[in-house]
Amino acid sequence: MTVDARTSVPIPNVAEAFEALMQHIEEHDIDLEHISASHARFTRDGCEFDFRHNGTALTVHLYAPNENMLYFLREAVAAQISEIDPAAGSSVSWADLERSVNADGAPVNFQKLTLQDRRIIFPGMIRLTLNAERIASLLDGLHVKLMRPPKGYIDDPEWPRVADNGVTVWPNGESELHVRYYTLRDVRPEKNEVDIDVVQHAGGMIADWAEHANIGDQIGLMGPAGEPSLPNTDGPVLLAGDETALPAIARILEAAPAPMDGTVLIAFPEQADPYFYLPDTAMNVISVPSDQFKTKCTEITKELVASDLAYTYAWFGGEAQTANEMRRLFKSDLKLGKGDQLSVAYWQEGALGDVDRH
């Protein structure tokens, strides 16, 4: 099933706004198809974006596999138009926007999950098992936003709602929510259960909640987004990442349509067995002690390249600076183009929330 949404937004100097939007898209390593000077489109994660202008207005047509993904697309487009032209962004109007809004005004992809169980699966990683009443909406995606009220603000928290232009309105002030991305490690629809693995990290609000919340406590969730899959390739694949990327790497390996050849390069505690965490794979698994991964990741990747193993796809998830370095390696040393490599920053060293930014 495919769902779609369309908006047409009058913008002064729309041609300039169109070019700014196209430049922004291409800066994110997206393979943009230029159909004409006033028409472009691209596909990503099973979604299609179509942009065009007629000299007075920008028209955007979005296609997504479900309403959840469509909500994120609407929001991203409205937010980007707002950056280019704030007045135009606030006037964005989507047909059938009500499909993306719950009866209480919250986004259709928002729900509250209840903590059922918590355990340490290896040193430094907590697995949360949560009850999700609307479990079906979590079956088709990889990442979700977890959110909780600030410390000390527990009773009847204020949750996000949807503005008329499709953008999420977040509570602020004393009601401001702490929001971070996490990976759905497992979804069990028969039990209304999901597992989310959280890296232990003192001072991170989601990580602290994961460590100290009581069974029965609730946490807000929006999503999911992204796909646990790789482009079709018969060649060797490189999957790399620190602890924050382990759930995503595990999901990618599980979703592979056939046994893959290549390398898994991960950070893992020295005293733990990575094969206990990862699904069965024929790929070569290189485990680097967690405290050495940041300094050794690019070094080992260069050694792999020098071994003449011709990777046809590469993926990295982890700290922002390392993600930038790996992205450069993917392009220069591995000579991989758009669509054949992806490097994702899950957190930023020294930034508020740190690993919790995953």
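The values are calculated or read from the model by the stated rules, or taken from the named source; none is laboratory data. None of the values given here were measured: they were computed from a predicted structure. Glycine also receives a Cβ, built like all others from the backbone with ideal geometry; neighbour counts cover every protein chain displayed. Accessible surface is based on the protein model in full, side chains and every heavy atom, while ligands, DNA and RNA are left aside. Shrake-Rupley method; radii C 1.70, N 1.55, O 1.52, S 1.80 Å.
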Restricting to segment 97-133, name every residue that is farther than 18 Å from P157 by Cα, of a type in the set (D, E, K, R) and within 20 Å of the chain's Cα centre (by Cα). R127
Is it the case that Y311 is of a type in the set (S, T, Y), in a loop (DSSP other than H, G, I, E, B) and farther than 19 Å from W347 by Cβ? yes
What about A258, is it in contact (Cβ under 8 Å) with a residue 24 or more places away in the chain and among the hydrophobic types (A, V, I, L, M, F, W, C)? no
Tell me, which helices (runs of 4 or more DSSP H) wholly within segment 200-299 include 3 or more residues that are of a type outside the set (D, E), open to solvent by 10 Å² or more (accessible area, probe 1.4 Å) and closer than 30 Å to C47 by Cβ? 246-255
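Yes or no: segment 77-86 includes at least one residue that is of a type in the set (S, T, Y) and without any contact (Cβ under 8 Å) to a residue 24 or more places away in the chain.
Looking only at segment 77-86, we keep the residues that are of a type in the set (S, T, Y), and these are 82.
Subsequent filtering for residues that are without any contact (Cβ under 8 Å) to a residue 24 or more places away in the chain retains none.
No, the conditions are met nowhere in segment 77-86.
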Name the single residue that is most open to solvent (accessible area, probe 1.4 Å) among those in segment 155-198 being in a strand (DSSP E or B) and among the hydroxyl-bearing types (S, T, Y). Y181
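Just to be sure, is K338 in contact (Cβ under 8 Å) with a residue 40 or more places away in the chain, surrounded by fewer than 19 Cβ atoms within 10 Å (Cβ to Cβ) and under 25 Å from the mean Cα position of the chain (by Cα)? Can you show your working first?
On the way: in contact (Cβ under 8 Å) with a residue 40 or more places away in the chain: yes; surrounded by fewer than 19 Cβ atoms within 10 Å (Cβ to Cβ): yes; under 25 Å from the mean Cα position of the chain (by Cα): yes.
So K338 passes the test.
Given the residues A207, A202, which is the only one that is under 25 Å from M125 (Cα atoms) and at pLDDT 90 or above? Give the derivation first.
Numbers: A202 fails: at pLDDT 90 or above.
Exactly one of A207, A202 is under 25 Å from M125 (Cα atoms) and at pLDDT 90 or above, namely A207.
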Is there any pair with a first residue in segment 105-121 that is within 18 Å of A163 (Cα to Cα) and a second that is open to solvent by 10 Å² or more (accessible area, probe 1.4 Å) and assigned to a loop (DSSP other than H, G, I, E, B) whose Cβ atoms are under 8 Å apart and which are 6 or more apart or on different chains, and what are they? A106/W159; V108/N102; F110/N102; F110/W159; Q111/E133; Q111/R134
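Scanning for something in contact (Cβ under 8 Å) with a residue 12 or more places away in the chain, charged (D, E, K, R) and within 23 Å of V108 (Cα to Cα), does segment 168-182 turn up at least one residue? Full working, then the answer.
Taking segment 168-182 first, the residues in contact (Cβ under 8 Å) with a residue 12 or more places away in the chain are 168, 171, 174-182.
This time we only want the ones that are charged (D, E, K, R), so: 174, 176, 180.
This time we only want the ones that are within 23 Å of V108 (Cα to Cα), so: 176, 180.
Yes, some residue in segment 168-182 is in contact (Cβ under 8 Å) with a residue 12 or more places away in the chain, charged (D, E, K, R) and within 23 Å of V108 (Cα to Cα).
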